[in-house]
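The values are calculated or read from the model by the stated rules, or taken from the named source; none is laboratory data. Given the structure is predicted, the values throughout are model-derived calculations rather than measurements. We place every Cβ from the backbone using ideal geometry, glycine too, and count neighbours over all the protein chains shown. To get the accessible areas, we keep the full protein, side chains included, count just its heavy atoms, and leave off ligands, DNA and RNA. Shrake-Rupley method; radii C 1.70, N 1.55, O 1.52, S 1.80 Å.
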Amino acid sequence: ILAMVERELDREALTKLLARFFTDARARRVGWKDLRAALCTGGSGARGIVEQWEAAGIPSLRIEHEAKKSGGGWTIEGKLAQSGTAKPFKLTVAVVARCGSDSVASDVKLSGSSASFRIKAPAQPDAVLIDPDWLVLAARETVAGADPKKVLEAAMKVANSSAETDPATLKKAIG
């Protein structure tokens, strides 16, 4: 939730907001209600993020896409869809086309059950990924043939290791 609020506000604004929260909370016990109130001071966008995540369930994201040669590069067109919640969440989700060592990203704004996107890429994509930096709390389809239980176990082993501080390590463990 903090990563999504940070994306809505920007890093500096969230840092100031949290600094105020921690200063005000220094000598007392605080809980979700207090943190929620502090986050909502970030404005209607931050409040909207907090409120939708208090609803039951998390969205499940899936992607359909097609890549076509276009002039000197490639065009990837597709649709990002969400399901799994009573009401669609408002989300901004990075969709990234990986083309060898190059990556091209597009932010897709979901406010209903699906949204279309188009990405211009320098080469044929090796992969088109949903939120590869894991900034949105959402369920995702696993890599074809991967056992979801094993993916979660690998991710949790890395996430719970005090020796791991590099986010890239977690991304590698997840796949």
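Points worth noting:
- Computed E for Ala94/Val30 - FRET, C-beta separation, R0 35 angstrom, nearest 0.05: 0.65
- Average accessible surface for the stretch 1-146: 60 Å² per residue, computed with a 1.4 Å probe over protein heavy atoms with every protein chain in place.
- Separation of the His65 and Leu135 label points, Cα + 7 Å toward Cβ, nm: 1.6 nm
- Remark: the stretch 41-49, residue by residue, has Karplus-estimated 3J(HN,Hα) of 5, x, x, 5, x, 5, 4, x, 5 Hz, where x stands for each Gly or Pro and the curve is 6.51 cos²θ - 1.76 cosθ + 1.60 at θ = phi - 60°.
- Calculated FRET value between Trp53 and Lys150, using beta carbons and R₀ = 45 Å, to 0.05: 0.95
- Net +/- balance of residues flanking Ser114 in space, Cβ distance below 10 Å, scoring K and R +1, D and E -1: +1
- Measuring nothing but how far apart in sequence close Cα pairs (under 8 Å, 6+ apart) lie, relative to its length, the stretch 1-63 scores a relative contact order of 40 percent.
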